[in-house]
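Below is one structure, written out as structure tokens, with a few remarks after it.
The values are calculated or read from the model by the stated rules, or taken from the named source; none is laboratory data. All values derive from a computational prediction rather than experimental measurement. As a convention, Cβ positions derive from the backbone with ideal geometry for all residues, glycine included, and neighbour counts pool all protein chains shown. Side chains included, ligands, DNA and RNA excluded: accessible areas come from the protein's heavy atoms. Shrake-Rupley method; radii C 1.70, N 1.55, O 1.52, S 1.80 Å.
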Amino acid sequence: MIDSLYNCFKHWSSKGSVYIYSDLHFGDLDCYKIRCEALSKRYVKHNNLNDVESEILNTYHMYMSFAINEDDFVELCDEAQVKSINGTVHKSDTLIILGDVGDVELVRKLKAGHKVLIMGNHDKGISNYTRVVERIFKLYSEMTEDDDKYEWMLVDPTPVGGIYERTIDNRLFDEVYEGPLIISPKIILSHEPINIPYCLNIHGHCHTKIDMIDDAKHLNCCAEWINYKPVSLGEIIKNGCLKDIDDIHRCTIDKATTRKLKRKGM
């Protein structure tokens, strides 16, 4: 349990860990090409890629050598991301995605027991990402051959043949937020980076060094900047990155003190 979270978010860590990942861009050919070009340069310069990065880069080399087509390239890169995320985030854990999902169909393959989305600039329509669970009931006498494809549970044996139930679950996001979310007195989650003096801003969106904000109050969780491995919110907190961030009350007092000194000409 992460006790420092506000009460309405503590359920995220009630059964397991909380992980953060951003900018999956599932199905995005251009994004994968740009990312792979950067990986290729890093490999040439440092030769320090992890397993998932090596897998993605090898896929890119096959694509560039015409061994596979565009669709296969994108599909293999998608699968590499899904495998990497599922290798870290398990059914008891919460996965927070900080926007720019891409092909939402791939979200269904993520094993996290609880999924949270902070929508990004490429995410359109909150209903497209929201989890929907629907219960369907049918009399046995109404069953067709198509119904044989599904798993039904007998819930009432009384009528002739009984009443059966099955559940339809689109397995998308349990919680979807359209904008930044302050989850504790000193942590704010967002897609684009934002500046709040009393919070650590955990964000995505920044794919290149030009876009990066390099200071102690920003943490970029864009996929390529965290080596395609979800990061643990609990570990971020334990590492002490919040200790040098003043809370809102301290910031307010300091600001008032500064104004007072300026009025006095000091």
Carbon and sulfur atoms account, in whole percent of the 1.4 Å probe accessible area of the chain, for 53
Taking a ≥ b ≥ c as the square roots of the Cα gyration tensor eigenvalues, with a/c under 1.5 meaning rounded and otherwise prolate when a/b beats b/c or oblate if not, the chain comes out oblate
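Please give the FRET efficiency for K149 paired with S127, using the beta carbon to beta carbon distance and R0 = 22 Å, rounded to the nearest 0.05. Show your work: numbers first, answer last.
On the way: r = 26 Å, r/R0 = 1.19.
Efficiency at R0 = 22 Å is approximately 0.25.
Quick one: grab the alpha carbon gyration tensor of the stretch 99-252, order the square roots of its eigenvalues as a ≥ b ≥ c, and give me rounded if a/c is under 1.5, else prolate or oblate depending on whether a/b is larger than b/c. Before the final figure, lay out each step's value.
Numbers: a/c = 3.44, a/b = 2.63, b/c = 1.31.
Prolate, because a/c is 1.5 or more and a/b exceeds b/c.
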Residues whose built amide H sits under 5 Å from the amide H of S4, excluding neighbours closer than 5 in sequence, are none
On a 0 to 90 degree scale, rounded to 10, what angle separates helix 70-86 from the longest Cα axis of the chain? 80
Among I188, C31, V231 - extreme Cα towards positive end, dipole of the chain, charges at beta-carbon: I188
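Would you calculate a helix-derived [θ] at 222 nm for the chain, using -39,500 (n - 2.57) for each DSSP H run of n ≥ 4 and dividing by the full residue count, to the nearest 500?
Values: 5 runs with 71 residues, N = 266.
Value at 222 nm, helices only, nearest 500: -8500 deg cm²/dmol.
Calculate the tail of P(r) for the stretch 1-105: the fraction of all Cα-Cα distances greater than 24 Å, expressed in %.
Working: 1926 of 5460 pairs.
Of all Cα-Cα distances in the stretch 1-105, 35 percent exceed 24 Å.
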Can you give me the angle between helix 29-46 and the longest principal axis of the chain, using Cα atoms only, in degrees from 0 to 90, rounded to the nearest 10? 60
Kirkwood Rh in Å, taken over the stretch 54-146 so that all alpha-carbon pairs contribute: 16.1
